[in-house]
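*Asks:* Mind having a look at this structure? Questions to follow.
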Amino acid sequence: MQLINEDDLYHVVFNAPVGICILNAATRIVEMVNPHFLKLTAKPVEELAGKPYLESFAKPGTEDEEALNKAVQEGLPYTARRTTLLRVDDNRGETVLASFLYSPVRNKEGKVTRIAVWLLENTTEAMNAELAAANEELAAANEEFAAVNEELAAANEELVSTNDELAETQASLQRSERLFRSIALNIPGSLILVIDQSHRYVIVEGDLMEKMGFDRRDYEGKHPAEVAPERYEASRHLYDRMMAGEKFSVERRSETGDFYLVHFVPLKNDEGETIQGLIILLDITTIKQAEEKSAKLAAIVDSSDDAIISKNFDSVITSWNASAERMFGYKAEEIIGQTIYKLIPPDRQEEEPNILARLRRGEQVNHFETKRLTKDGRLLDVSLTISPVKDPQGNIIGLSKIARDITEKKLEEQRKNDFIGMVSHELKTPLTSLSAIVQMAHSKLRHSEDPFLTKAMENANRQVKRMTRMINGFLNVSRLEAGKLLIEKQPFDLEELLQEIVAETRLTISTHNFNLEGCKDIIVNADWDKISSVVSNLIGNAIKYSPKGKLIDIYCKVESGSVIVSVKDEGMGIKPQDISRIFDRYYRVETDNTRHISGFGVGLYLSAEIIRRHGGEIWVESESGKGSTFYFSLPLVQQ
Ligand code: ADP
């Protein structure tokens with residue numbers, strides 16, 4: 001093998017198409033540096049010869065140094081890559097990515113004598129130009145891109161804010177819808193539909209959904225024609241009316257007998273255009289049933305023969321039936337809203353507050369007989385039944401008053417009373433003569449030798465007296481009822497009257513003991529005969545209703561301008577339920593103990609009336625089985 005000489009090598013190096021620089025083993029530059037390599041530096045070859053390669057072409061400590069050292073030490077080629085500046089012409093340089101290949105050259109012995117450094121450029125000028133052009137285009141494109149990007153960013157910003165608004169609107173829409181649904185769901189007995197312009201269901205909600213054959217998942221978004229064509233045909237004209245902007249309601253009755261009220265409400269936008277329709281269906285079956293019931297009740301109230309009136313606690317009339325019109329002469333429209341006092345005669349005005357007080361206490365007022373005034377001023381005899389009207393919670397909200405016209409009944413009673421009065425009157429005349437004869441016979445035969453006659457006359461005298469009392473009682477009742485019971489007052493000593501009665505009773509009654517106490521110096525202004533009959537009746541009852549041998553105590557007590565007379569017995573007493581009624585006309589306590597005792601239940605009734613007409617009061621305190629004490633009070637004569 002023929003080795004080329006240094007000269008030849010120089011030419012090879014000089015003409016090589018890539019950059020070559022030859023170094024000695026000490027990595028110093030020998031004179032062989034070709035023009036391609038010289039593009040890395042501005043220095044001439046002469047200046048470079050003999051200089052360390054690293055000083056001239058590479059920086060120590062870089063990849064170059066490492067590659068170069070390895071190539072020297074190991075005798076193997078190593079590459080270093082770096083970007084570097086190439087001088088393209090005098091004025092301009094160009095940065096390229098270059099590879100430096102450090103390739104060791106060995107002699108025959110294999111010793112590294114030279115290092116050939118190859119400069120392998122990655123860019124040619126053409127490529128660079130293309131690249132530059134492309135780069136320019138890219139830059140332009142980039143600029144455009146940047147502009148577009150800016151626009152896009154702006155648009156994006158807008159979009160983001162619009163999106164936020166949209167999200168907010170969406171959320172508020174969702175909230176509204178949820179609210180709407182929950183309202184719809186919570187209206188008891190309802191079905192709410194929202195339809196769009198083409199009648200398609202937008203919302204179907206409400207607790208009647210299933211009952212009405214609706215299921216939200218199936219129906220929303222669908223057209224009624226596809227899900228319930230028959231029903232749609234039947235209600236289509238109503239949908240059309242609503243979508244034409246008309247708001248209306250219809251009532252429907254289902255095959256099962258339920259009642260529905262259906263409201264059709266057009267939902268309009270700001271321009272007044274109907275965009276959706278709201279259909280609210282309400283189950284009004286219970287309301288309808290209640291209406292029917294109250295209509296029936298109203299019919300009953302209206303057809304009643306009794307006047308049925310309701311009023312509030314301010315005594316203002318709130319309802320008035322047909323019979324009330326007939327009975328009192330006022331039309332409903334002229335009396336509703338007026339006071340009930342219009343119907344009450346002037347002398348009975350205090351009745352109303354008394355009745356109200358009783359009702360407030362929860363009592364009922366049944367068959368209270370009184371008089372009421374008609375529009376034309378006539379007095380009617382009426383029987384009143386008054387009861388509180390309560391709301392479903394049990395609060396008293398008013399009063400109902402049933403007034404029965406008892407004028408006929410009263411007339412009938414009057415006729416009966418007149419008859420009794422007449423009979424009693426007729427009986428009195430023969431009885432008076434009989435009484436006189438019996439008394440005479442009694443006194444003549446008092447000392448007869450025949451004890452039977454004495455006893456018989458005593459009995460006859462007692463019985464005649466009893467009969468006289470009874471006849472007088474009936475006579476007085478009929479007088480009282482006819483308003484003819486006259487009270488003729490005159491002042492007298494009460495003790496005198498009481499002593500007279502007790503003495504007389506002692507004469508005829510030997511079965512009981514009598515005690516009169518505390519009645520001295522009491523002057524009353526009263527009707528002697530009438531008060532006598534009251535005391536006689538009380539003492540007579542004490543005898544009748546207490547066993548033989550018992551004491552009857554008559555006692556007087558003066559208290560704040562009145563005298564209270566009491567008649568106390570130790571008899572059977574009166575049960576609480578009877579106490580309030582024993583002063584009623586013809587009322588008698590019916591028990592096994594009283595059945596054999598004769599009487600008509602008029603004594604206490606008359607006594608009470610007499611005392612009341614004297615401005616006094618009468619009452620009883622009693623314990624069943626222990627005895628009773630009857631009291632009456634009379635105003636004292638002012639000294
Ligand atoms: P009567 O003629 O029935 O005695 P009254 O009007 O005098 O009529 O009395 C009414 C009723 O009151 C009596 O039937 C009786 O049941 C009851 N009563 C009256 N006085 C007494 C009394 N002292 N003790 C018990 N019950 C009495």
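No value in this document is a laboratory result; all are computed from the given coordinates. The structure presented is a predicted model; accordingly, all values stated were derived computationally and were not measured. Methodologically, a virtual Cβ is constructed for each residue, glycine included, from the backbone with ideal geometry; neighbour enumeration extends over all protein chains shown.
*Asks:* Can you pull the one-decimal nm distance between simple spin-label points at Glu271 and Glu617, each 7 Å off the Cα toward Cβ?
*Replies:* According to this spin-label approximation, the distance is 8.6 nm.
*Asks:* Could you pull out the pairs from Lys342/Lys484; Lys428/Lys489; Lys520/Lys548; Lys544/Lys626 whose alpha carbons sit more than 26 Å apart here?
*Replies:* Beyond 26 Å: Lys342/Lys484; Lys520/Lys548.
*Asks:* Continuing with the same structure: What shape does the stretch 1-97 have by the C-alpha gyration tensor, where a ≥ b ≥ c are the square roots of the eigenvalues, rounded means a/c under 1.5, and otherwise prolate means a/b greater than b/c and oblate the rest? Before the final figure, lay out each step's value.
*Replies:* Working: a/c = 1.69, a/b = 1.12, b/c = 1.50.
Oblate, since a/c reaches 1.5 and b/c is not below a/b.
*Asks:* Given the rule -39500 (n - 2.57) for each run of at least 4 DSSP H residues, summed and divided by the residues of the chain, what is its mean residue ellipticity at 222 nm, to the nearest 500 deg cm²/dmol?
*Replies:* Rounded to the nearest 500, it is -14000 deg cm²/dmol.
*Asks:* A follow-up question, please. Just going by the charge dipole of the chain, with Lys and Arg at +1 and Asp and Glu at -1 on Cβ, which of Leu261, Leu101, His11 is farthest out on the positive end?
*Replies:* The one lying farthest along the dipole's positive direction is Leu261.
*Asks:* Expressed in nm to one decimal, what extension gain is obtained for the pair Thr162 and Asp529 from 0.36 nm per residue of sequence separation less their Cα-Cα distance?
*Replies:* Answer, rounded to one decimal: 121.2 nm.
*Asks:* I'd like the distance between the alpha-carbon centres of the stretch 472-524 and the stretch 297-332, rounded to an integer number of Å.
*Replies:* Measuring centre to centre over Cα atoms gives 47 Å.
*Asks:* Treating only the Cβ atoms of Lys and Arg (+1) and Asp and Glu (-1) as charged, compute the dipole magnitude of the chain about its Cα centre; round to the nearest 20 debye. Intermediate results must be reported in sequence, preceding the final value.
*Replies:* Numbers: 78 positive and 100 negative charges, 1247 e Å.
I would put it at about 5980 debye.
*Asks:* Among the listed pairs Lys331/Lys409; Lys371/Lys409; Lys375/Lys401, which are separated by more than 20 Å between their Cα atoms?
*Replies:* Flagged as over cut-off: Lys331/Lys409.
*Asks:* Still on this model: Using the per-residue mean of other Cβ atoms lying within 10 Å as a proxy for protection, in what order, highest first, do the peptides 457-464, 56-63 fall? Working shown, then result.
*Replies:* Working: 457-464: 16.1, 56-63: 14.6.
Highest mean packing first, the order is 457-464, 56-63.
*Asks:* Something else now. Cross-link partners among lysines for Lys43, C-alpha distance below 22 Å, same-chain residues fewer than 8 apart left out?
*Replies:* Filter leaves Lys51, Lys59.
*Asks:* In addition: Say each of Ser249 and Leu261 gets a label point 7 Å from the Cα, pointing the same way as Cα to Cβ; how far apart are those two points in nm?
*Replies:* Each label point is offset 7 Å from its Cα along the Cβ direction, giving 0.4 nm.
*Asks:* Oh, and also: How far apart, in nm, are the 7 Å Cα→Cβ label points at Glu488 and Arg326?
*Replies:* Using points 7 Å along Cα→Cβ, the separation is 4.7 nm.
*Asks:* Then there's this: State to the nearest 20 debye the size of the charge dipole of the stretch 490-635 about its Cα centre, where the only charges are +1 on K and R beta carbons and -1 on D and E beta carbons.
*Replies:* That gives a dipole near 500 debye.
*Asks:* Also, I was wondering about something else. Using r as the Cβ-Cβ distance of Gln364 and Ile397, and R0 as 25 Å, what FRET efficiency do you calculate, to the nearest 0.05? Present the calculation step by step, with values, prior to reporting the outcome.
*Replies:* Numbers: r = 16 Å, r/R0 = 0.65.
Given R0 = 25 Å and the Cβ-Cβ separation, E is 0.95.
*Asks:* I would also like to ask the following. Report the gain in length on full extension from Glu334 to Asn459: 0.36 nm times residue separation, minus Cα-Cα distance, nm rounded to one decimal.
*Replies:* Gain on stretching Glu334 to Asn459: 38.3 nm.
*Asks:* Work out the FRET efficiency for Ser580 and Ala503 from their Cβ-Cβ distance, taking R0 = 30 Å, and round it to the nearest 0.05.
*Replies:* Working: r = 34 Å, r/R0 = 1.14.
FRET efficiency, Ser580 to Ala503: 0.30.
*Asks:* Scanning the chain for helices, which whole DSSP H stretches are 20 Å or more long along the axis (Cα) and average 0.0 or more by Kyte-Doolittle?
*Replies:* 494-508, 528-544
*Asks:* Starting from the stretch 523-605, pick out the chymotrypsin sites (Phe, Trp or Tyr not before Pro) whose DSSP state is loop and whose Cβ has at most 16 other Cβ atoms within 10 Å.
*Replies:* Within the stretch 523-605, the qualifying chymotrypsin sites (Phe, Trp or Tyr not before Pro) (loop, at most 16 other Cβ atoms within 10 Å) are Tyr586, Tyr587, Phe600.
*Asks:* Given a Förster radius of 51 Å and the C-beta distance between Ala155 and Asp314 as r, what FRET efficiency does 1/(1 + (r/R0)^6) yield to the nearest 0.05?
*Replies:* 0.10
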